[in-house]
1. Go through region 250-266 residue by residue and tally those that are within 16 Å of ligand 2 (Cβ to nearest atom) and modelled with pLDDT under 95.
2. For region 361-389, enumerate the residues that are open to solvent by 40 Å² or more (accessible area, probe 1.4 Å) and within 12 Å of ligand 1 (Cβ to nearest atom).
3. I'd like to check something: does region 53-61 contain any residue that is among the charged types (D, E, K, R), closer than 18 Å to PRO183 by Cβ and assigned by TED's automatic domain parsing to the domain that holds GLU116?
4. Among the residues of region 253-267 satisfying the criterion of being surrounded by fewer than 18 Cβ atoms within 10 Å (Cβ to Cβ) and in contact (Cβ under 8 Å) with a residue 40 or more places away in the chain, which is farthest from HIS230 (Cα to Cα)?
5. Within region 128-144, identify whether any single residue is open to solvent by less than 20 Å² (accessible area, probe 1.4 Å), under 15 Å from SER62 (Cα atoms) and assigned by TED's automatic domain parsing to the domain that holds ASP83, and answer yes or no.
6. Condition (residue is within 16 Å of ligand 2 (Cβ to nearest atom), under 27 Å from GLU431 (Cα atoms) and touching a residue at least 60 places away in the same chain (Cβ under 8 Å)) applied to region 225-243: is it met by at least one residue?
7. Answer with yes or no whether ALA82 is in a loop (DSSP other than H, G, I, E, B) and more than 20 Å from the chain's Cα centre (by Cα).
8. For residues that are of a type in the set (Val, Ile, Thr) and touching a residue at least 40 places away in the same chain (Cβ under 8 Å), tally how many sit in region 139-190.
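The values are calculated or read from the model by the stated rules, or taken from the named source; none is laboratory data. None of the values given here were measured: they were computed from a predicted structure. Cβ coordinates were reconstructed from backbone atoms using ideal geometry, including for glycine residues, and neighbour counts include every protein chain displayed. Calculation scope for accessible area: heavy atoms of the full protein, side chains included, ligands and nucleic acids excluded. Shrake-Rupley method; radii C 1.70, N 1.55, O 1.52, S 1.80 Å.
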Amino acid sequence: MSLQNDTYAERVRSLAPVTEPERQYYFIDVCRGLLLAKEQAAGRKLTMHIATFGCQMNAKDSETLAGILSEIGYEESDSEEADLVVYNTCTVRENANTRVYGRIGYLGNRKKLHPEKRIILCGCMMQEPQAVEKIRKSYRFVDVIFGTHNIYKLAELLFEREVSDGLVIDVWDKAKEIVESLPRSNKYGFKAGINIMYGCNNFCSYCIVPYVRGRERSRKASDIVEEAWHLAKNGVKEVMLLGQNVNSYGKTNDDGVTFAKLLRMVSEVEGIERIRFMTPHPKDLSDELIEEIAVNDKVCKHVHLPLQSGSTKVLKAMNRHYTKEQYLALVEKIKARIPGVAVTTDIIIGFPGETEEDVADTIECVQKAGFMSAYTFLYSKRNGTPAAKMENQVSDEVASERFQRLLKAVGEVSAQEARKLTGQTVTVLCEEYKAEEGLMTGRMDNNLLVHFPAEEALLGSLVRVNLDECKGFYYLGSRA
Ligand code: 5AD
Ligand code: SF4
């Protein structure tokens with residue numbers, strides 16, 4: 001029977017459950033059958049590889065994609081020579097897109113040698129009609145394209161590819177439903193991300209995320225706690241609660257659970273030892289949240305608080321809804337209430353209309369806020385955002401020079417903050433082991449890393465370590 005046989009495809013479709021996630025488990029079973037047939041023909045197991053671009057949200061989505069593919073029966077490979085390659089793309093800055101096109105071109109050449117190779121593109125970049133159009137025209141060898149709102153449909157779309165002649169595209173401009181209970185596979189057995197909400201309503205003027213990830217939707221607290229419970233049962237000790245603006249958590253629900261309350265509920269899950277979260281917005285970080293971080297032993301003393309710019313004028317043009325002074329007052333309040341807390345940030349340099357004075361304001365903020373670390377980005381013009389139409393776009397040369405200056409200031413301040421911990425004894429989660437050197441890498445609750453001699457068996461456990469020597473951004477230490 002040919003797979004292009006319409007009756008076969010029709011029959012499979014007609015038997016599919018209409019509710020989710022049952023429908024996807026059905027297509028996972030169908031794909032498992034198709035995969036087995038391919039494996040028999042090839043005389044070997046088939047492999048998959050997922051390349052993830054961008055943020056923690058994408059990393060989390062990739063865990064779901066990996067879960068679905070493993071459930072189908074693909075073996076995970078760390079090479080793009082795999083039989084099925086997924087690119088989970090990012091579009092937050094232009095260079096992310098450029099990189100993806102280059103790499104798709106390479107995959108296309110490999111596919112010429114191995115026509116059975118499957119190339120799947122998904123994620124934020126696929127929510128942009130121009131990107132999909134370009135791939136449809138110039139990269140015809142791609143097999144499946146889907147967006148951010150329907151990643152749960154991977155198995156169904158793979159099936160559709162197998163019963164058609166070529167590219168299957170399924171990109172939704174809006175989210176329909178939140179599908180729970182999909183398979184997941186996570187990279188580290190002892191830590192995992194949990195989505196608590198999707199989308200963003202903030203419309204910062206430079207940012208494409210609200211356009212590609214849609215409006216804010218919160219998951220039900222009970223579903224989140226249940227996921228944490230399952231993870232803990234499977235040995236996960238640390239969870240990271242993920243959302244574009246966690247302060248808005250719960251606004252689309254009617255159970256009264258705020259983000260601070262959610263932190264408390266997750267911390268009550270037995271087996272979960274540590275909780276992180278990303279990302280709060282400075283405009284509406286509540287006292288209730290600061291209090292919960294302060295009193296809850298399981299919540300890491302680390303607040304990632306994107307500044308974006310230290311100039312009130314630029315912040316207004318960015319539509320950020322806070323001033324330089326309000327931001328600094330907030331950092332002061334957090335540091336006063338939570339001793340030892342690490343505050344980290346994101347900063348964009350080269351936003352349209354940015355002057356030397358604005359850069360000086362940003363550098364002053366970096367120094368006053370005392371960031372433990374900062375991700376610095378060159379402003380990237382995203383078509384469709386209000387900032388793309390602004391006058392006075394800053395030239396690349398000017399922006400690069402400012403960027404170097406900012407980087408230097410950030411480096412100095414971070415090193416100064418990190419050094420303050422020398423001599424302390426802290427609890428770390430053992431995350432990685434380098435056998436050649438016999439060194440374990442542990443993550444402190446403030447997100448800094450320390451390398452110390454230990455045995456591999458400690459991977460995934462929480463241990464006490466002395467911070468002996470600061471190496472700038474990390475420590476060398478010893479077991480306490
Ligand atoms: N250009 C540069 N950086 C950006 N970010 C978001 N959009 C852009 C853009 N157009 C940065 C912000 C955000 C981080 C995830 O990416 O600093 O906090
Ligand atoms: Fe983008 Fe602003 Fe939303 Fe963050 S809060 S995702 S920067 S629009």
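1. 2
2. TYR375, PHE377, LEU378, LYS381, ASN383, GLY384, PRO386
3. Looking for residues that are among the charged types (D, E, K, R), closer than 18 Å to PRO183 by Cβ and assigned by TED's automatic domain parsing to the domain that holds GLU116, one finds at least one in region 53-61, hence yes.
4. Ranking the candidates gives LYS261 first.
5. The answer is no; no qualifying residue exists.
6. Yes, that holds for at least one residue.
7. yes
8. Counting residues in region 139-190 that are of a type in the set (Val, Ile, Thr) and touching a residue at least 40 places away in the same chain (Cβ under 8 Å) gives 6.
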